[in-house]
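Notes to accompany the following structure.
The values are calculated or read from the model by the stated rules, or taken from the named source; none is laboratory data. This structure is a prediction, so every number in the text was calculated from the model and none was measured. Glycine also receives a Cβ, built like all others from the backbone with ideal geometry; neighbour counts cover every protein chain displayed.
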Amino acid sequence: MLFEGLLSSKTIYLDVISRHINLPLNEHIFRDVLQELAFRHPSLRIRFDLATFSEPMQLVESLPSLPLKVESYAGKEQEDIQLLHEKVVKQLSEQFDPEIAPLMRVHAAVLDDRKFKLSYSFHHAILDGWSESVFIFELLQLYKARLEGTSILLEKPVSPEVFVRLEREVIQDESARVYFSRYHGRGKKRANPTAHYCKVSASVPADTAGLLHDKSSQWGIPLKSIFFTAFFVTVANQLADRTPIVGMSVNGRPEALGADLTLGLFLNHVPLTLDLTIAQDWHDLARQAFDVESQILHYRRFPYSEVQKIIGGSPFEAAFSYVHFHRLNELLESGMVDDEEDVRDHTSLPIRVEVINERQGYKLSVDVTADENCFGDGFSEKFVVCMLKVINTLASDEDPLTYLS
């Protein structure tokens with residue numbers, strides 16, 4: 001990830017997130033809380049040494065130093081605020097030097113005496129999506145308490161060292177190498193010197209979402225597996241490939257109390273496929289998806305970079321992730337943040353599909369980001385439209401072969 005970022009256009013694996021915070025901005029308190037979080041979480045003090053040792057090393061600085069820039073947009077017209085925001089996003093999107101900590105920047109802009117706009121960027125090597133939701137949750141919980149003159153006690157997170165040990169153990173597991181070698185030589189590659197990514201989002205209709213929840217309960221299969229099934233069928237349809245290898249984003253956090261509070265990068269991509277020839281209906285296909293995911297659980301921490309070495313290149317063109325950030329949902333329900341957010345992330349995956357489950361699962365959406373220099377203009381839109389049709393077909397028990405002819 002680090003070397004790929006340095007050799008690319010300098011924007012991949014860098015996330016910029018902006019939200020409206022429904023609290024007054026006290027710069028002194030906010031700055032103190034930022035540093036308190038940086039002291040609590042080692043990942044916010046990380047830098048990388050890429051040359052000194054026999055392998056790249058992750059180092060943690062002893063003192064927190066998250067940079068914060070504060071401005072005021074109070075009294076400005078919305079059009080002017082948007083122009084200023086775009087300027088801030090451009091600044092936040094500047095390349096990080098991975099050998100210099102911290103790999104995060106923070107910007108706060110006063111909107112009025114009751115609200116401010118919070119924007120921050122970070123290198124994906126220090127935070128995954130779940131970690132980002134924990135970061136903003138703890139930041140605002142602590143900040144609100146300080147504003148009110150009260151205090152809160154945060155539970156202790158598990159040390160990131162636990163994950164490092166587990167990852168190193170699975171790297172030495174020969175059965176993992178045997179498992180992933182089944183995909184050797186099957187990965188597809190596309191020449192892509194000038195990627196042009198386009199992101200398209202769409203909501204799943206509420207009635208369809210309700211039917212999917214019913215299916216999940218009736219079948220005893222998680223929503224994630226049901227959506228992965230729809231994703232896989234859509235990939236087969238859009239890429240005209242009945243046996244595609246696809247990627248799934250899996251969580252490698254330790255099974256320990258407090259592991260959900262640890263900040264870092266714990267997501268991994270693993271390759272898998274389904275056998276469409278043996279599925280009689282959507283239930284069969286969803287069950288197969290759940291079983292395949294269960295099989296790879298033991299190897300979920302086997303690094304994607306090692307998988308690439310075994311397979312001899314990138315094993316898949318399309319990757320799937322299922323997002324359900326409980327902490328962020330709590331903030332939305334508290335009213336401390338608005339529903340609307342501006343998320344700008346960058347990837348090197350040719351096709352990335354995210355299913356986002358919000359507000360206790362009754363608000364579902366699909367985000368598709370694809371390299372349209374590879375797949376053609378309008379591909380992201382076509383993929384979203386097809387996947388929503390597949391989801392509706394699954395929810396209403398229509399024949400899955402409709403999309404596989």
### Message
Scan region 290-300 and tell me whether some residue there is closer than 26 Å to ALA195 by Cα and assigned by TED's automatic domain parsing to the domain that holds SER225.
### Response
no
### Task
Examine region 29-52 for a residue that is hydrophobic (A, V, I, L, M, F, W, C), over 22 Å from GLN95 (Cα atoms) and touching a strand residue (DSSP E or B) at 6+ places or on another chain (Cβ under 7 Å), and state whether such a residue exists.
yes
### Query
How do the pairs read when you match residues in region 298-318 that are of a type in the set (Ser, Thr, Tyr) with residues anywhere that are modelled with pLDDT of 90 or more, using Cβ under 6 Å and keeping only pairs 6 or more apart or on different chains?
TYR299/ALA176; TYR299/TYR179; TYR304/ASN268; TYR304/HIS269
### Query
Looking at ALA279, ALA240, ALA236, ALA256, which one is farther than 21 Å from ALA318 by Cβ and outside the structural domain of HIS124 (by TED's automatic domain parsing)?
ALA256
### Query
Condition test on CYS374, is it assigned to a helix (DSSP H, G or I), in contact (Cβ under 8 Å) with a residue 24 or more places away in the chain, touching a Pro at 6+ places or on another chain (Cβ under 6 Å) and crowded, with 16+ Cβ neighbours inside 10 Å?
yes
### Task
State all residues of region 23-72 that are assigned to a strand (DSSP E or B), surrounded by fewer than 16 Cβ atoms within 10 Å (Cβ to Cβ) and in contact with an Asp or Glu (Cβ under 7 Å, 6 or more places away or on another chain); if no residue qualifies, say none.
ASP49, MET57, LEU59, VAL70
### Query
For ASP339, are the conditions met, namely being assigned to a loop (DSSP other than H, G, I, E, B), free of Cβ contacts under 8 Å to residues at least 24 places away in the same chain and in the same structural domain as GLY247 (by TED's automatic domain parsing)?
no
### Summary
Every listed condition ((1) part of a strand (DSSP E or B); (2) exposed (fewer than 13 other Cβ atoms within 10 Å of the Cβ); (3) among the acidic types (Asp, Glu)) holds for GLU354 save (2)
### Task
Give, as residue ranges, the helices (runs of 4 or more DSSP H) completely inside region 89-191 that count at least 2 residues that are loosely packed, with under 15 Cβ neighbours inside 10 Å.
160-171, 174-180
### Task
Mind telling me which of the residues SER133, SER159, SER119 ends up being among the hydroxyl-bearing types (Ser, Thr, Tyr) and within 15 Å of LEU25 (Cα to Cα)?
SER119
